[in-house]
Amino acid sequence: MIILGIETSCDETAICLIEAKENSIKILGNQIYSQIALHTQYGGVYPMMAKREHAKNLVPLLEKCLEESGTIEYGISNIKSNKNLHSKLEIINSILIREEGLFEPFIKLAEKIEAGTWTENIDAIAVTNGPGLEPALWVGVSFAKALSELLNIPVVPTNHMEGHIVVAGLQHHDESKVESLPAQAGHKVIKSDTNNKIETITYNLKPTNYPAIALLISGGHTQLVLIEDNLKYKVVGNTKDDAIGEAYDKVARILGLPYPGGPQISKLAEKERQDFPNKIPPFPLPRPMIHSHDLNFSFSGIKTAVLYLTKDILEKHPEFNGQIPENIKQEIACEFENAVVEVIVKKTKDAIEQYGAQTIIIGGGVSANKKIRNDFKLLAQDFNIEFLVPEVDASTDNAFMIALAGYMNILAGQKSEKDFKAIGNLSL
Ligand code: KG4
Ligand code: ZN
């Protein structure tokens, strides 16, 4: 089965084409356009700006993805001579009417597609319909519906968080030979003596031992999810305020580091641990809700604690001229990371004990974090249970995970839908 995945929930525009046969998943084409550089200038993601960028980038990305996969040979035609497309113009227009700037490029590509030939047909489209920024989600949803109309293929709405979970269950056929290439899940640099060649590889979908506990940690979510069986989710813990990734990003901003802050904080923390392995933290921070006897989280207090701490330091040291020195930034970043990681590890441990979990899964952008990956691996070892984590480059948002979640749901019986909506706060 060939599935096209589309992802526009936040600040990545992504399209991926996979070929799936039972448990074997091959990536045919995988394209991501990150808006990070744009959003960095403003210190965060603005939904309407993200929406415009998605509208601008979807068509070129789809074209690149199809070219990369070699599943199409484009033809050149004139729209008037193309009967099939002509009869669909009205309906495609009505689908894309709210997505400014998308209709014209869509039709241009549609002409080329219709005049060309498919070497392998796409069986279904999977598109993220939530959770995320609603205006951004709508662009992807409308685009997917228009494509479904144009190509006469089914479309299934897909949950972004489910994508983050299922992509953790993949294993490469031969891990020893490959090392990952940043930002493009599924494309591997195959090590060889003469040159580094990029090849498309095949993954294996591993059977999971249930019940599993998934910890989802991203810019918008911090959730503990009980998975009792394949694709059966129950959220058992949640953040009461900020998500952990949001806390990383806000603390980074307080320390004057660029967006997205997670990797920046993580880098500083890593350096502090290396430079001073046994140092007692000079600025201890709270471990929010660590003793709350439930599975919920809160990360807004620790961000405020960092804010007051930095104000205090600057007041006491006028010679710093309003700039926290690098060595103190490093100390704060390390203590912040230690604090939040201690909390998520403790809550996940509680959830494993409470539900007798046989597997720990971590997913979402923050699971790219080195310390987190390491500490959860140790946690799984302590319990002697399985540990599933996405490859680093598949941890942050991508369309591969959406195509995969779509495939798994289609196998489980999900049917094509026509009238689904983008839902900003969609839950699992
Ligand atoms: O899943 P994701 O790509 O987008 C959302 O769905 O939110 O997650 C993005 C979040 C951002 O807050 C970013 O700072 C964080 O993931 N992040 C990290 C790391 N890489 C990305 N946080 C900590 N350490 C990292 N290495
Ligand atoms: Zn995400």
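Descriptive notes on the structure:
- Approximate spin-label separation N23-K415, in nm, with each point projected 7 Å along Cα-to-Cβ: 3.1 nm
- When only Cα pairs below 8 angstrom with a gap of at least 6 residues are kept, the range 345-428 shows a relative contact order of 28 percent.
- In sequence order, calculated HN-Hα J values of the range 391-396 (Karplus, 6.51, -1.76, 1.60; Hz; x Gly/Pro): 4, 3, 6, 9, 6, 7
- Taking 7 Å steps out from each Cα toward its Cβ at W118 and I36 produces label points 3.4 nm apart.
- Per the Kirkwood formula applied to alpha carbons, the chain shows a radius of gyration over Rh ratio, Rg over Rh, of 1.00.
- For the chain, built as a Gaussian network whose Cα springs stay under 10 Å, the top-fluctuating residue of N84, N93, N338: N84
- The range 101-160: relative contact order as a whole-number percent, Cα under 8 Å and 6+ apart: 40 percent
- Principal axes of the range 203-283: Cα extent on each, largest first, Å: 44, 28, 28
- Exceedance of the 26 Å cut-off in Cα-Cα distance is limited, within the set K240/K271; K145/K250; K145/K234; K240/K349, to K240/K271; K145/K250; K145/K234.
- Near the amide H of V155, within less than 5 Å, lie the amide hydrogens of I125, E417, all on another chain or at least 5 residues away, with H placed in the peptide plane.
- Residue range of the chain that is longest and free of GluC sites (Glu not before Pro) which are both DSSP loop and sparsely packed (at most 14 other C-beta within 10 Å): 121-416
- Taking a straight line from the alpha carbon of K329, these aspartates and glutamates sit under 15 Å away, with near neighbours fewer than eight places off in the same chain left out: D249, E270, E272, D275, D312, E337.
- Cα gyration tensor shape for the range 1-85, rounded if a/c is under 1.5, else prolate or oblate: oblate
- Between helix 83-96 and the chain: long-axis angle, C-alpha atoms, 0 to 90°, nearest 10: 30 degrees
- Cα-derived Rg over Rh, computed across the range 316-428 with Rh taken as Kirkwood radius: 1.12
- Using alpha-carbon coordinates, inclination of helix 134-151 to the longest axis of the chain, degrees: 30 degrees
- 12 Å tail of the calculated P(r), the range 374-415, as % of Cα pairs: 69 percent
- Relative contact order [Cα under 8 Å, 6+ residues apart], the chain, whole percent: 22 percent
- The range 256-298 and the range 1-59: distance between their alpha carbon centers, rounded to Å: 30 Å
- On Cα atoms only, tilt of 326-355 relative to the major axis of the chain in degrees: 70 degrees
- Basic side chains Lys and Arg get +1 at the Cβ, acidic Asp and Glu get -1 at the Cβ, and with that the dipole of the chain about its Cα centre reaches some 260 debye.
- Sparsely packed trypsin sites (Lys or Arg not before Pro) within the range 79-142, loop by DSSP, other Cβ within 10 Å at most 16: R98
- Restraint check, K108/K370; K64/K377; K88/K415; K303/K377; K316/K377, Cα-Cα greater than 32 Å: K108/K370; K64/K377; K316/K377
Bear in mind that the values in this text are calculations on the coordinates, not laboratory data. Everything quoted here is computed from the prediction, not taken from an experiment. As a convention, Cβ positions derive from the backbone with ideal geometry for all residues, glycine included, and neighbour counts pool all protein chains shown.
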